[in-house]
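Trainee: What follows is a structure written as structure tokens; I'll ask about it next.
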Amino acid sequence: MAYHKIRSKEEEKMKGKKALPPHPMDDLLRVDRIPHIWCPGCGIGTVFSGILSAIKKSELDLNRLAMVSGIGCTGRMAGYIKVDSFHTTHGRAIPFATGLKLARPDIKVIVASGDGDLFAIGGNHFIHAARRNVDMTVICVNNLNYGMTGGQQAPSTPLGFRTTTTPEGSPEEPFNFSYLAYACGAVYVARWTALHIRLLTNSIAEALQKKGFSFIEVLAPCPSAFGRRNRMGSALDTLKFYHDRSVIKNEIDPQKAVIDFSGEIVVGKFVDRDRPTFSDYYRTIVCHEGVEENSAEAAK
Amino acid sequence: MRSGGVKTGVHFMNGDFACCEGAIAAGCRFFAGYPITPATEIAERMAARLPQVGGIYIQMEDEIASMAAILGASWGGVKAMTSTSGPGFSLMMENIGLAICTETPCVVCNVQRAGPSTGLPTHVAQGDMMQARWGSHGHYEIIALSPSSPQEMFDMTIRAFNLSEEFRVPVLIMADEVVGHMNERVVIPPPEEIEIVNRRKPTVSPHDYLPYRPGPDGVPILPDCGDGYRIHVTGLTHDERGYPVMNAETQAQMVERIVNKIQRNKEKIVKTREFYLDDAQVAVVAYGISFRSARSAVEMAREAGVRAGLIKLDTVWPFPEDLIRAVAKTVKAIIVPEINAGQMVREVERVAAAHAGVHLVSHYGGGIIKPDRIWRTIRSVAKRKRR
């Protein structure tokens with residue numbers, strides 16, 4: 001059923017009904033923007049709720065928290081979270097977040113965007129922010145295609161899989177984002193699927209505590225655009241597929257953390273290390289100052 | 001962040017350096033850039049100067065990222081700028097559009113060199129004037145200033161920051177290679193004599209607050225990130241709540257407002273200077289480095305007894321159409337010298353052609369316009385019986 005029909009049906013149902021009981025995440029949501037735009041079965045909502053739970057769990061100061069996103073389905077997260085939120089241009093969430101974080105070290109910055117946004121059009125920004133180790137948590141919802149525009153080939157589309165721009169199957173090998181993040185210098189790298197809700201939430205909470213560039217990739221179903229062209233069945237079938245194929249391998253060499261749709265999908269926390277951030281080096285090398293312990297805390 | 005850092009005194013410095021000193025005096029504490037001649041000296045000087053005043057300099061991976069980073073910094077409440085030349089200016093257009101749509105104060109200095117493409121590195125041109133006006137997609141208004149000396153690089157950079165903070169719009173400093181690289185006397189006044197404008201901040205409680213509801217001057221009063229208002233900022237067409245609304249009514253309201261906040265405040269924004277206009281028969285309209293060629297030419301004309309006048313455009317966008325229209329009614333012809341194949345002359349034609357003849361003195365770039373060429377055009381136009 002077309003999305004707008006479902007939406008108008010939902011709205012019809014809501015009419016005349018008493019106000020809904022408060023939701024535990026209400027203080028973190030722009031409730032006046034609900035219902036959201038995501039399709040039924042989409043994995044983004046699950047990841048979004050994981051982010052909100054992790055924020056709650058981390059007891060962050062909501063006035064000192066910002067979400068920056070690019071363009072695409074996942075990019076719309078910034079529109080629903082009730083913190084200072086920036087829905088920027090396609091691929092540019094990370095450099096925008098870099099400016100925000102460097103200007104305001106007291107603000108915790110989360111970047112949430114899709115695989116196309118972060119790694120195709122925004123790929124250059126990703127590798128440089130990871131290299132500089134700018135203090136931010138980047139969450140990538142990887143749905144293997146461009147969902148917003150109707151399902152085109154993305155840098156994550158598995159070899160041979162069909163999209164609207166690869167009707168005979170994709171002739172390109174996809175990126176391994178987690179391996180790329182590790183190679184570029186990210187201090188925290190993890191991959192989960194939208195089914196690993198608890199592990200994902202814990203992982204986001206852990207990444208939020210991490211000083212430096214942390215990266216979490218989440219494989220999520222896109223039944224409307226990707227699933228149906230690749231005979232993956234319903235969203236539930238995709239989740240079941242992820243469930244059957246995924247193997248948790250914490251601390252594995254990220255190079256070996258493969259996403260093989262005919263074999264295994266490796267998930268887990270691959271990297272957790274420490275190295276000085278851009279701001280640390282800026283203070284010591286450029287400003288000739290000593291490094292303060294946990295400078296973001298001190299700035300508060 | 002620490003304040004101050006104004007290098008009060010008389011200096012001999014190039015235009016690029018003067019731009020940096022203007023920025024620091026205006027309160028700029030964040031610079032993100034990418035090397036490109038003839039604007040590199042701005043990045044280099046900022047890299048040295050900003051740490052001295054508690055600011056941040058970062059060299060980004062490209063000009064797209066530089067522009068994005070200054071917007072992020074600006075939302076962090078820090079005055080921010082970048083600098084570039086033609087090829088980088090092209091890359092910045094995307095996020096200049098975001099700055100316009102989200103009403104983010106920021107300053108971009110374009111030290112123009114000859115194009116198109118990589119063009120003629122790194123010789124002078126004024127070929128990006130229309131790109132400054134229309135380079136990003138969609139309909140909008142923008143502010144662009146045009147310095148013609150290192151002193152003006154200093155003065156106009158301060159003004160650029162002030163206008164940007166007041167009207168919440170990117171302000172472009174459309175310099176050029178000669179102004180950027182020439183060394184001249186630059187007088188930096190004491191800090192108390194420098195007028196500084198800072199963005200207004202909301203005072204109502206976050207509960208009753210509508211971020212994109214404009215004030216009486218059409219400019220919204222927006223909080224910085226971290227002020228506790230927890231607002232949403234988007235490059236999508238948005239309503240007064242800042243929320244995306246995809247319909248023609250919201251589009252009309254938003255575009256009308258971002259256009260009108262500049263158009264209706266033109267008196268405050270537009271600055272020009274007039275020379276010898278009272279009895280002028282022929283007027284020269286010039287900006288940037290070509291103003292200096294034009295001034296010599298007009299002085300040559302006056303020495304020869306030809307009644308020539310001169311208008312200098314300090315503000316090029318919004319275009320000072322009221323003044324040009326008024327002058328067109330009093331003179332026989334208007335001459336526009338510029339280092340391109342005719343860009344601002346189109347604007348002059350648009351407002352003046354009904355009243356006076358409009359003549360272009362063009363140079364394709366690679367050198368400045370020799371005053372003699374402008375003087376010859378003044379002489380021949382002045383001699384003609386008809387316009």
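Trainee: If we scan the stretch B:66-80, do we find a residue that is at pLDDT 95 or above and more than 10 Å from chain A (Cβ to nearest Cβ)?
Mentor: no
Trainee: If you take the residues in the stretch B:101-134 that are under 30 Å from B:Trp75 (Cα atoms) and touching an Asp or Glu at 6+ places or on another chain (Cβ under 8 Å), which one is surrounded by the fewest Cβ atoms within 10 Å (Cβ to Cβ)? Walk me through how you get there before you give the answer.
Mentor: First, the residues of the stretch B:101-134 that are under 30 Å from B:Trp75 (Cα atoms): B:101-112, B:128-134.
Pick out the ones that are also touching an Asp or Glu at 6+ places or on another chain (Cβ under 8 Å) and you get B:105, B:110-112, B:129.
Working: B:Pro105: 27, B:Asn110: 25, B:Val111: 32, B:Gln112: 34, B:Met129: 27.
Checking each candidate, the answer is B:Asn110.
Trainee: Can you give me the number of residues within the stretch B:96-114 that are under 21 Å from B:Ser146 (Cα atoms) and more than 11 Å from chain A (Cβ to nearest Cβ)?
Mentor: Count: 10.
Trainee: Pull up the stretch B:81-95, narrow it to residues that are away from chain A (no Cβ under 14 Å) and surrounded by 24 or more Cβ atoms within 10 Å (Cβ to Cβ), then point me to the one that is farthest from B:Phe161 (Cα to Cα).
Mentor: B:Gly86
Trainee: Right, next: Report, by residue number, each residue of the stretch B:214-225 that is over 22 Å from the mean Cα position of the chain (by Cα) and assigned to a loop (DSSP other than H, G, I, E, B).
Mentor: Passing the criteria: B:Gly215, B:Pro216, B:Ile221, B:Leu222, B:Pro223, B:Asp224, B:Cys225.
Trainee: I'd like to know if the stretch A:118-138 contains one or more residues that are assigned to a loop (DSSP other than H, G, I, E, B) and more than 14 Å from every other protein chain (Cβ to nearest Cβ).
Mentor: no
Trainee: Do you know which of the residues in the stretch B:315-342 that are part of a loop (DSSP other than H, G, I, E, B) and among the hydrophobic types (A, V, I, L, M, F, W, C) is farthest from B:Tyr276 (Cα to Cα)? Write out each step before concluding.
Mentor: Step one: of the stretch B:315-342, the residues part of a loop (DSSP other than H, G, I, E, B) are B:318-320, B:329-332, B:339-342.
Next cut, among the hydrophobic types (A, V, I, L, M, F, W, C) only: B:319, B:331, B:339, B:341.
Details: B:Phe319: 21, B:Val331: 12, B:Ile339: 23, B:Ala341: 27 Å.
Filtering the stretch B:315-342 for residues that are part of a loop (DSSP other than H, G, I, E, B) and among the hydrophobic types (A, V, I, L, M, F, W, C), the one farthest from B:Tyr276 (Cα to Cα) comes out as B:Ala341.
Trainee: Going by the structure shown, is A:Thr89 buried (at least 24 other Cβ atoms within 10 Å of the Cβ), at the interface with chain B (Cβ under 10 Å from one of its Cβ atoms) and outside any helix (DSSP H, G or I)? It would help to see each step written out before you state the result.
Mentor: Values: buried (at least 24 other Cβ atoms within 10 Å of the Cβ): yes; at the interface with chain B (Cβ under 10 Å from one of its Cβ atoms): yes; outside any helix (DSSP H, G or I): yes.
Here the answer is yes, as A:Thr89 does meet what is asked.
Trainee: Checking the structure you have, find out if any residue of the stretch B:123-137 is within 14 Å of chain A (Cβ to nearest Cβ), in contact (Cβ under 8 Å) with a residue 24 or more places away in the chain and either assigned to a loop (DSSP other than H, G, I, E, B) or not small (Gly, Ala, Ser) (or both).
Mentor: Quick first cut of the stretch B:123-137, residues within 14 Å of chain A (Cβ to nearest Cβ) only: B:136-137.
Within this subset, residues satisfying the condition of being in contact (Cβ under 8 Å) with a residue 24 or more places away in the chain are B:136-137.
Next, from what is left, pick out any that are either assigned to a loop (DSSP other than H, G, I, E, B) or not small (Gly, Ala, Ser) (or both): B:136-137.
Among the residues of the stretch B:123-137, at least one is within 14 Å of chain A (Cβ to nearest Cβ), in contact (Cβ under 8 Å) with a residue 24 or more places away in the chain and either assigned to a loop (DSSP other than H, G, I, E, B) or not small (Gly, Ala, Ser) (or both), which makes the answer yes.
Trainee: Continuing with the same structure: Could you tell me which numbered condition A:Lys101 fails, if it satisfies all but one of (1) farther than 22 Å from A:Arg191 by Cβ; (2) touching a helix residue (DSSP H, G or I) at 6+ places or on another chain (Cβ under 6 Å); (3) within 9 Å of chain B (Cβ to nearest Cβ)?
Mentor: (2)
Trainee: Within the stretch B:358-366, is there a residue that is hydrophobic (A, V, I, L, M, F, W, C) and touching a Pro at 6+ places or on another chain (Cβ under 9 Å)?
Mentor: Scanning the stretch B:358-366 turns up at least one residue that is hydrophobic (A, V, I, L, M, F, W, C) and touching a Pro at 6+ places or on another chain (Cβ under 9 Å).
Trainee: Filtering the stretch B:185-213 down to residues that are more than 11 Å from chain A (Cβ to nearest Cβ), closer than 30 Å to A:Gly72 by Cβ and without any contact (Cβ under 8 Å) to a residue 60 or more places away in the chain, which residue is nearest to the chain's Cα centre (by Cα)?
Mentor: Going through the qualifying residues, I end up with B:Arg213.
Trainee: Hey, another quick one. Could you list, in sequence order, the residues of the stretch A:80-95 that are over 30 Å from A:Glu173 (Cβ atoms), in contact (Cβ under 8 Å) with a residue 24 or more places away in the chain and out of contact with any Lys or Arg (no Cβ under 6 Å at 6 or more places or on another chain)?
Mentor: Selection gives A:Ile81 alone.
Trainee: Taking the condition closer than 30 Å to B:Thr118 by Cα, within 20 Å of the chain's Cα centre (by Cα) and acidic (Asp, Glu), does B:Asp372 pass?
Mentor: no
Trainee: Residue check: is B:Thr250 out of contact with any Pro (no Cβ under 6 Å at 6 or more places or on another chain) and either within 11 Å of chain A (Cβ to nearest Cβ) or within 27 Å of A:Val68 (Cα to Cα) (or both)?
Mentor: Numbers: out of contact with any Pro (no Cβ under 6 Å at 6 or more places or on another chain): yes; either within 11 Å of chain A (Cβ to nearest Cβ) or within 27 Å of A:Val68 (Cα to Cα) (or both): yes.
Spelling it out, B:Thr250 is indeed out of contact with any Pro (no Cβ under 6 Å at 6 or more places or on another chain) and either within 11 Å of chain A (Cβ to nearest Cβ) or within 27 Å of A:Val68 (Cα to Cα) (or both).
Trainee: If you take the residues in the stretch B:34-80 that are surrounded by fewer than 24 Cβ atoms within 10 Å (Cβ to Cβ) and either among the charged types (D, E, K, R) or not assigned by TED's automatic domain parsing to the domain that holds B:Gly22 (or both), which one is farthest from A:Ala103 (Cα to Cα)?
Mentor: For the stretch B:34-80, the residue satisfying everything is B:Glu41.
Trainee: Can you find, within the stretch A:32-62, the residue that is surrounded by the fewest Cβ atoms within 10 Å (Cβ to Cβ) among those that are in a helix (DSSP H, G or I) and within 12 Å of chain B (Cβ to nearest Cβ)?
Mentor: Going residue by residue through the stretch A:32-62, those that are in a helix (DSSP H, G or I) are A:32-33, A:44-58, A:62.
The next check asks that each one be within 12 Å of chain B (Cβ to nearest Cβ); those that pass are A:32-33, A:62.
Numbers: A:Asp32: 8, A:Arg33: 17, A:Leu62: 17.
Here the answer is A:Asp32.
The values are calculated or read from the model by the stated rules, or taken from the named source; none is laboratory data. Fair warning: this is a prediction, and the values are worked out from it, not measured in the lab. Ideal geometry is used to build each Cβ from the backbone, glycine not excepted, and the neighbour counts take in all protein chains shown.
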